1. Taking other Cβ within 10 Å of each residue's Cβ, how do 133, 55 sort, fewest first?
2. Could you give the length gained on full extension between residue 91 and residue 110, defined as 0.36 nm per residue of separation minus the Cα-Cα distance, in nm?
3. Give the dimensionless ratio obtained when the Cα radius of gyration of the range 8-157 is divided by 2.2 N^0.38 Å.
4. Nearest 0.05, what FRET efficiency do residue 33 and residue 141 give at R0 = 30 Å with Cβ-Cβ as r?
5. What is the spin-label model distance, in nm, from residue 128 to residue 78 if the labels are put 7 Å beyond Cα along the C-beta direction?
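Just so you know, all these numbers are worked out from the coordinates, no wet-lab data involved. This one's a predicted model, so the numbers in the text were calculated from it and none came from an experiment. As a convention, Cβ positions derive from the backbone with ideal geometry for all residues, glycine included, and neighbour counts pool all protein chains shown.
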C-alpha cells in the first residue's frame with residue numbers, strides 16, 4: 001500500500017466498492033443523522049430542576065453512542081456484503097477496506113475528525129459540571145477507542161489478539 005497516489009480520488013477509487021461510500025455523499029447523511037440524534041436527545045434529556053436541556057448529559061450520550069456504534073461498524077465487523085468479492089475482504093474491517101487501505105484520505109480524515117469534534121464539544125459542555133470527572137472518564141475512553149484504531153500505525157493490527165481471526 002506504499003504506492004504514490006496523485007490524489008485522494010485515486011485512493012477512493014481503489015479497493016472494495018462496498019467501502020467507497022464516502023464518495024457518494026454519505027458524509028452529509030452521516031452529519032445530518034448525528035444532528036437529528038442530537039436534536040432528539042436535546043428534547044428528551046432535561047434538567048429536572050430547571051426544565052432546560054442538560055447539555056453535558058446530552059453530548060455525553062451522543063458521544064458515547066456514536067463511539068460505540070462507529071467502533072463496531074468501522075473497526076470490529078469484518079468482511080464485505082458484496083458477494084462478488086468472493087471472500088477477498090473477509091479478514092478486513094470496514095476501516096481497512098476503506099479507500100483501498102490508504103491512510104489519511106479525505107474520507108478517513110472526515111471519519112476521524114467527527115469523533116474528535118464530538119469529544120471536544122462534550123468536554124466544553126461538561127467543564128463547569130460539579131461531577132466533571134464522572135463525565136470525563138467515559139468520554140475519554142470512548143474518544144481513545146474511536147481515534148486510536150483509525151491511526152495508520154494500527155492498520156491491520158489486532159491489539160492483544162482481540163478480534164483476531166484464524167488467518168491473522
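1. Values: 133 9, 55 18.
The most exposed by this proxy come first: 133, 55.
2. On the way: separation 19, 0.36 × 19 = 6.84 nm, distance 2.41 nm.
This chain segment gains 4.4 nm when fully extended.
3. On the way: Rg = 17.4 Å, N = 150, 2.2 N^0.38 = 14.8 Å.
Rg over 2.2 N^0.38 Å, computed on Cα atoms: 1.18.
4. On the way: r = 23 Å, r/R0 = 0.78.
The computed FRET efficiency comes out at 0.80.
5. 4.8 nm
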